[in-house]
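The values are calculated or read from the model by the stated rules, or taken from the named source; none is laboratory data. Bear in mind that the values here come from a model prediction, so they are computed numbers and not experimental data. With ideal geometry, Cβ positions are generated from the backbone for all residues, glycine too; neighbour counts draw on all protein chains shown. All accessible areas refer to the heavy atoms of the entire protein, side chains included, with ligands and DNA or RNA removed. Shrake-Rupley method; radii C 1.70, N 1.55, O 1.52, S 1.80 Å.
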Amino acid sequence: MSEPIPAPSDDDKPLASRSTAIGAVAFFILAVPFMVLGLWLLDGKSRMDFRCEAGGPCTLTRSGWLTREEVAKLPLDSIQSVKLERSRSARRKSVPIFRPELVTTQGKFPLFAQWATDEREAIAAKEQVERFLASPNTDALEVTRDDRRSSLRVGGAFTGVGVALLIFTTWLAFRSRMHRRTERAASSA
């Protein structure tokens, strides 16, 4: 005959506090990549600002939702011209795309972070810079192109999921503490 199966002892019983704590750690580990990737996507440098004081110098900066960085500080005599780059969309081969670009002694600097499908917008930015370069001592110049909307949607979604997971992790940690107190009270009784 077969031997009877022994009844589980109190030490072998799964503890609710332990299971809940393991779940909290698992959800925390899941939340970390969502938070890191979400914040990284939110900080995609998709806003370009080109500012020139009357008489110079000019500063080109790019920024995301979280940080800003200076790309170049250019004296007026280093700016040689402004070109309008034309290309074809990688997704739709028949669609032309445009981007104004500064040609300087330090190299080429695009004024748009992303290519524009509207040629008029790119031409307007090019002409605005050319007008300033024709008479740099009259007024200041400010050309801004903001393409951060897509990074806000995607980065915001990832960050939102990460925050929701962290809230759930906090709730699980709280439940684990409540289970631990209940287990201690039951074992001492």
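Lysine pair count for the chain (Cα-Cα distance under 27 Å; residues 8 or more apart in sequence or on different chains): 14. Dipole of segment 54-152 computed with +1 at Lys/Arg Cβ and -1 at Asp/Glu Cβ about the Cα centre; of ALA54, SER81, TRP65, farthest Cα towards the positive end is TRP65.
In this Cβ point-charge picture (+1 for Lys and Arg, -1 for Asp and Glu), the chain has a dipole of about 380 debye about its Cα centre. Count Lys and Arg as plus one, Asp and Glu as minus one, and take only other residues whose Cβ is under 14 Å from that of THR20; the net charge is then +4. With kT/(6 pi eta Rh) evaluated at 10 °C and eta = 1.306 mPa s, and Rh the Kirkwood radius from Cα pairs, segment 17-127 diffuses with a coefficient of 93 µm²/s according to Stokes-Einstein. Ligands, DNA and RNA are left out, and with a 1.4 angstrom probe the accessible area of the chain is 65 Å² per residue. For semi-axes √(5λ) of the Cα gyration tensor in Å, the value calculated from this model appears in (1) 57, 18, 13; (2) 62, 19, 12; (3) 32, 19, 14 under label (2).
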